[in-house]
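The values are calculated or read from the model by the stated rules, or taken from the named source; none is laboratory data. Just so it is clear, the structure is predicted and the values come from calculations on it, not from any experiment. Here the Cβ positions follow ideal geometry from the backbone for every residue, glycine too, while neighbour counts run over all protein chains shown. Accessible surface is based on the protein model in full, side chains and every heavy atom, while ligands, DNA and RNA are left aside. Shrake-Rupley method; radii C 1.70, N 1.55, O 1.52, S 1.80 Å.
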Amino acid sequence: MKPNYSMRIAITVFVSTITTATVFGGVVSEDWIIFEDFVSGAECGIINTSNAELISLFDTGEMVIVSGADTILPDLIVTSDDFVLYRGEPSGQVEFVDDGDGLPAVFWTTLIGTVVEVDTFTGEPFDSGLLPEERINTGCDACDLVDNNSLCDDIGNGNGGGNGGGGNNGGDNGGDIFIPLPSICGVGSIASIVMTVFAFPFLRISRASRIR
């Protein structure tokens, strides 16, 4: 019987694609970033999109989907000034905005203020066309969603364990105001056109600062 090389190649490519694109299940073993709203004092670790909830790892900035099985998306990075990069291209920002319930929540938004929709397998961002006030029941405390994380065991320190899991809706800690400087990436593909929407040149002041 002749070996089915085409089947082997197909299986190899499929497995390689999964391995390089994402890592599944119980992958969060380090602190994640907690964002503080200097307007309300809220502290949240969850980053909301139109279709998923994510966190950003403290050391690397890599984003992790935590709605469902935890999935690291290594192509998505939150920078130190809270911009989001997808494969090195500017793809919006992370900021506090009031949601549809009138509560402060961290959203991944385009620079025109609409909420990002994310491909939960590749991490590719799209403009959902939705505004933050159209989202209700948003997440805040990452410990409600992160799978089996020891950082969430010690919840008595106000942050839910280390930097991870902050969900404080009060407080009076201040934060820095910064003005994002958008950049427009090149055109020539659907992805770059979408990125241009994310980098649309309107300046908006962010309410978010980080608790380090």
Checklist outcome for this item: Checking Ser50, Ser67 in turn, the sole residue that is open to solvent by 10 Å² or more (accessible area, probe 1.4 Å) and farther than 18 Å from Ser29 by Cα turns out to be Ser50
Next on the checklist: As an exercise: evaluate Asn159 against (1) within 14 Å of Cys44 (Cα to Cα); (2) modelled with pLDDT of 95 or more and give the number of the one condition it does not meet.
Outcome noted: (2)
Next on the checklist: Scan the range 71-90 and tell me whether some residue there is among the polar types (S, T, N, Q), over 21 Å from Leu131 (Cα atoms) and at pLDDT 95 or above.
Outcome noted: yes
Next on the checklist: Looking only at the range 123-133, how many residues end up being open to solvent by 40 Å² or more (accessible area, probe 1.4 Å) and touching a strand residue (DSSP E or B) at 6+ places or on another chain (Cβ under 8 Å)?
Outcome noted: 6
